[in-house]
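Colleague: Below is a structure I'd like to ask you about.
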Amino acid sequence: NMVVCGLTELSPLELLKKCQQIENRLGRVRDEHWGSRTIDIDILAYGEECIDAEILKIPHPEMEKRSFVLVPLLELSPEWVHPKTGISIRKLWEERLQTNDEELPQPLNWKSQSN
């Protein structure tokens, strides 16, 4: 899993459409809601916007429950604040560590390497 951050002139719905086009080109088949898939691109957040449309929910409603989302997001932007909860990703991760009994992934300790 990975998290990326970027800038776009696309609206959230235009971005969703573009992500779905990419998924389709890469062979994504939407036949089972929680089934396996070749690729899954989610929009976790879009600035400070909160969207509750049938086809798009921003921030992603499950993000703070998913370690596989929180860990890479923590590595990318630990001080980012969830627009609905007002809690930073760092704090959400700390709370998850204290309240969850599953084996959780640990953030990587990235070191820059220069040649």
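Read-outs throughout are calculated quantities, based only on the coordinates presented, and are distinct from any laboratory measurement. All figures in this text were calculated on a predicted structure; none of them were measured in a lab. Quick reminder, even Gly has a Cβ in these numbers, built from the backbone with ideal geometry, and neighbours come from all protein chains shown.
Colleague: May I ask you to derive the FRET efficiency for THR8 and THR99 from their Cβ-Cβ distance with R0 = 35 Å, giving the value to the nearest 0.05? Could you put the intermediate results ahead of the total?
Modeller: Values: r = 34 Å, r/R0 = 0.98.
After rounding to 0.05, the efficiency reads 0.55.
Colleague: A follow-up question, please. Can you list the HN-Hα couplings for the range 11-27, worked out from phi with the Karplus curve (6.51, -1.76, 1.60; θ = phi - 60°), rounded to whole Hz and with x for Gly and Pro?
Modeller: Per residue, the Karplus-derived 3J(HN,Hα) values read 6, x, 5, 5, 5, 4, 4, 4, 4, 5, 5, 4, 4, 5, 4, 8, x Hz.
Colleague: Further question on the same structure: What does the charge count around ALA45 come to, taking other residues whose C-beta lies under 12 Å from its C-beta (Lys +1, Arg +1, Asp -1, Glu -1)? Could you put the intermediate results ahead of the total?
Modeller: Working: positive: LYS57, LYS84; negative: ASP42, GLU48, GLU49, GLU64.
Local charge sum for ALA45: -2.
Colleague: Related question: Mind listing the long-range amide H neighbours of SER88? Cut-off is under 5 Å, sequence gap 5 or more, other chains count too, H placed in the peptide plane at 1.01 Å from N.
Modeller: HIS82
Colleague: Something else: What list of ³J(HN,Hα) values in whole Hz, one per residue of the range 72-78 in order, does the Karplus curve 6.51 cos²θ - 1.76 cosθ + 1.60 (θ = phi - 60°) give from phi, with Gly and Pro shown as x?
Modeller: x, 5, 4, 5, 7, 8, x
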